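Reading through the structure tokens given below for one structure.
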Amino acid sequence: MNALPPVTNTDDIRYLGRVLGDVIREMGGERLFEATEVIRSASVDRHRGGGPPVDHHLDALSLDETLDFVRGFMLFSMLANLAEDRQGVAAEEGADVASALQKLAGEGVDHDQVCALLDHALIAPVLTAHPTEVRRKSMIDHRNRIAALMALRDAGAEETSAGDRIDEAIMRQVALLWQTRVLRRERLYVTDEVETALSYLRDVFLPVIPALYQRWDRAMGRRLPAFLKPGSWIGGDRDGNPYVTADSLRTALSKASAAALGYYLDELHALGTELSISSDHATIDEAVIALAEASGDTGASRSDEPYRRALSGIYARLAATYQKLVGTPPPRPAARVAEPYPDPAALRADLVTLARPLSEGAGGLLSSSGAIGRLIRAVEVFGFHLATLDLRQNSAVHERVVAELLKNAGVCDDYLALDEAERVAMLNRELASARGLTSRFITYSEETTKELEIVAAVAEAHATYGPASIRQYIVSMCQSVSDLLEVHLLLKEAGLYVPGDPPRAAVMAVPLFETIGDLEAAPTIMRAWFALPEVAAIARRRGHQEVMIGYSDSNKDGGYLTSGWQLSKASTALKPVFEAAGVGMQLFHGRGGAVGRGGGSAFAAIRAQPPGTVQGRIRITEQGEVIAGKYGTRESAITNLEAMTSATLLASLSPAPLSNTENETFAAAMDTLSDTAFHAYRDLVYGTEGFNAFFRQMTPIAEISGLKIGSRPASRKKSSRIEDLRAIPWVFSWAQARVMLPGWYGVGHALAAFQDKALLADMAEGWPLFGAMLANMEMVLAKSDMGIAERYAGLVEDEKLGARIFGRIRDDWQQTCDGLLEVTGQSRLLEKHPALDASIRLRLPYIEPLNLLQIELMRRHRAGEDDPRIAEGILLSINAIATALRNSG
Ligand code: PGA
């Protein structure tokens, strides 16, 4: 789904489609061009007026032509997405900080209140390596070049700054796309994922965020604290990914540091050329003179240029910092040897020394809000580490590791046999003791060794890059307080948890609640967590505690509606627990791009958070294809960061949308709806005999792993149970088969069984949470297609099983559409959202032929045909369908 409702930019789509057509004719040949055109127009006719299926045209394609055809349609979709993204980024109304401030002012919230909130705020998009991006980096790079050229074309330019004609340059890029391999040959390594994330952090976040602050400082009429900071999981998220090690962590941190420091060095260099102020023509501040004197720059030509001399001193110190942190000299080494900076604050202090007199003197004409102001801001936001890197591991791994440590130390023979109370007591005893558990004379299992190496690497990182480099340690499948205390115990082995009164924890243990049961238990677990005096002391001193809530796994566990409702309920129920403990709450939303994984407009999603649960602190994962969509260009990054920030301000400071009575009535209704939806969903997915076989045969789940789009395996465990399958391939494969079950299943039952339809309509209209749920579901329904899905169901070997389960899904789909239309008062899907409707309608004719080809290729593959072009065709079709559907993983 699109993050934002797209605006159909038909002129651009037509233009790019024509360019692609010319390229296909030129490079793929007239026959391929003709075949593509015939299928395209037959499919368009069919979608407009219900013409005959296009099968016979597809049957006429040879295998080689099939592969080329699929590539052509994939590229068309990619170019259509590009055109849409260029328009769509501006489409969400009011999703910027200036509008939010205006709205708040209208609601009686003044700038002082906004500033008070921002004083302790944190807004963090956190980049993760969740494998849903099907495009290779080379393809995305070409795409971005075309986007930049299109922007020039819009501005009326005929030539690029290098002198190329714009139309020719676009044609050349599209031709290169045509000749670029779509599929990955090699599996993806963690280092590749680190590099990809870095390219966004370095090329987009670094320059964009300081500029955004300047805009916001102006809007607020004062300098705001640094509250928007990016994060990353890549190199630290080990959950189910055996390839992430202590080395991955080191590599990620060192590369990130090199990027941040390299950027500062470049900026310093540029400042040095700019700040040519001569003492002959200006009065120079004493502190600046002192910095110039200390710089060691004695060049005669600069003797009257104190700013340049001071900057050359700062440059030398920062270059030495680079050498110390990264291990190599920077690309442009310094002229002198100097002391490295001990921390970012020291670098910032020097920059402020230079900036202050610029703003204060000369009537503020040389205000420090220019390049030096942006550099100061960058240092505040990115430090020496660029993005805070989180750790994540599964609670089951910690349990095993802790059990092994306790056993080897002679403390407890069988930790795993203890009940929760005994575990907590044992861990508390150990945490209070000054002695450690590990010994270098013991050989530990591979798993334990790896986990110990990780915490040791964290301690190293804190010493090298500072404590902001790693702040959170997330425990997935967290179900108890002991799951969190186990993290403290591991941290203690590396000196990162220090017993005492009060104790200190240099990294925060963060629970990830991600099943329906765990979300329900979250308030009880957190109450018990804060009931531990040491924990409460640590959390109070820090001021806040983070809780992560998982959208995908809760959806896979309990279905769309129940997941959405339980996430919201858990947040609401956690609020008083935090208030009672006197600790600020920071929710971390683990959501993906597809609606079945919490996707949809982030602006709407943040605003739909329950009252009082945001309070200026929020972290949100940004994953897979969403990253390129939102942060692929500086313009789109600005739009999306504005949206995230403005939504956070509104969610924190706007009056609650519902009265208490409405709240209670709506919540009670939602409980009923959720209960029905949950049972319908569980009954289908986990209670229907043969469902697993049906799912595995109907969808391309088995083929998806061949895409090589991520470094981690598709299942957490070696098992074929749906419970153990990761949420991404689950959602991804349902999207391919056009069922998109995780985005709607169960809702139809719930709406149909609910008697008070007027109440449902009120909820849809007046409750942002329910409104957003329905809007996202509507998009999913519009992109699903039961006619095509039925053809996939034909792949199920046991025909009766296929027909029986599919019949149920189709009826439930119809019931869901009917229910939605009734509640929203529409006669057809997307009737009230013409722009989105047009965008989806434009795509559908391109997707159906891809689906039909995919089904045929899967049939041949499964029948044992071993022509490698068949397997390749399946992968290409998966790639093409994912591209055309957008955010389907
Ligand atoms: P996970 O993420 O499988 O890494 O826990 C869930 C998801 O985002 O799908």
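The values are calculated or read from the model by the stated rules, or taken from the named source; none is laboratory data. Everything numeric here is computed off the predicted structure, so don't read it as measured data. No Cβ is skipped: glycine too gets one built from the backbone with ideal geometry, and neighbour counts run over all protein chains shown. Just so you know, the surface numbers come from the protein's heavy atoms only, side chains and all, with ligands and any DNA or RNA stripped out. Shrake-Rupley method; radii C 1.70, N 1.55, O 1.52, S 1.80 Å.
Before moving on, here are some points about what is shown:
- Looking at Thr251, Thr273, just one residue is open to solvent by less than 60 Å² (accessible area, probe 1.4 Å) and in a helix (DSSP H, G or I), and that residue is Thr251.
A quick yes/no check of all residues on (1) open to solvent by less than 30 Å² (accessible area, probe 1.4 Å); (2) more than 17 Å from Arg250 (Cα to Cα); (3) more than 16 Å from the ligand (Cβ to nearest atom):
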position	(1), (2), (3)
Glu447	no, yes, yes
Ile454	yes, no, yes
Glu460	no, no, yes
Met477	no, yes, no
Leu489	yes, yes, yes
Phe530	yes, yes, yes
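- Scanning region 339-350 for residues that are farther than 20 Å from Val381 by Cβ and open to solvent by less than 40 Å² (accessible area, probe 1.4 Å) yields one hit, Pro340.
- Filtered residue count, region 820-841, keeping only those that are modelled with pLDDT of 95 or more and open to solvent by less than 10 Å² (accessible area, probe 1.4 Å): 2
- Test result for Arg607, within 16 Å of the ligand (Cβ to nearest atom) and among the charged types (D, E, K, R): no
- Selection within region 312-338 - in a loop (DSSP other than H, G, I, E, B) and either open to solvent by 40 Å² or more (accessible area, probe 1.4 Å) or not small (Gly, Ala, Ser) (or both): Gly327, Thr328, Pro329, Pro330, Pro331, Arg332, Pro333, Ala335, Arg336, Val337
- Screening His589 against (1) crowded, with 22+ Cβ neighbours inside 10 Å; (2) within 16 Å of the ligand (Cβ to nearest atom); (3) not acidic (Asp, Glu) leaves a single unmet condition, (1).
- Selected residue [in a loop (DSSP other than H, G, I, E, B) and over 30 Å from Asp756 (Cβ atoms)] from Glu872, Glu856, Glu797, Glu831: Glu797
- Filtering region 545-561 for residues that are more than 11 Å from the ligand (Cβ to nearest atom), over 30 Å from Phe732 (Cα atoms), over 18 Å from the mean Cα position of the chain (by Cα) and hydrophobic (A, V, I, L, M, F, W, C) leaves an empty set.
- Filtered residues of region 610-640 (kept if within 22 Å of Gly564 (Cα to Cα) and more than 16 Å from the ligand (Cβ to nearest atom)): Pro610, Pro611, Gly612, Thr613, Val614, Gln615, Gly616, Arg617, Ile618
- Long-range neighbours under 8 Å by Cβ, at least six apart or interchain, first residue farther than 24 Å from Gly564 by Cα within region 775-790, second among the small types (Gly, Ala, Ser): Ile788/Ala737; Ala789/Ala737
- Helices (runs of 4 or more DSSP H) fully within region 642-754 counting 2 or more residues that are more than 16 Å from the ligand (Cβ to nearest atom): 660-685, 691-698, 701-704, 747-753
- Test: Thr816 is assigned by TED's automatic domain parsing to the domain that holds Val780, open to solvent by 10 Å² or more (accessible area, probe 1.4 Å) and in contact with a helix residue (DSSP H, G or I) (Cβ under 8 Å, 6 or more places away or on another chain): no
- Extreme residue, most open to solvent (accessible area, probe 1.4 Å), among residues of region 288-311 that are under 21 Å from Arg356 (Cα atoms) and of a type in the set (Val, Ile, Thr): Ile289
- Elements of type helices (runs of 4 or more DSSP H) contained in region 366-470, each with 1 or more residues being touching an Asp or Glu at 6+ places or on another chain (Cβ under 7 Å) and in contact (Cβ under 8 Å) with a residue 60 or more places away in the chain: 371-382, 395-408, 420-432
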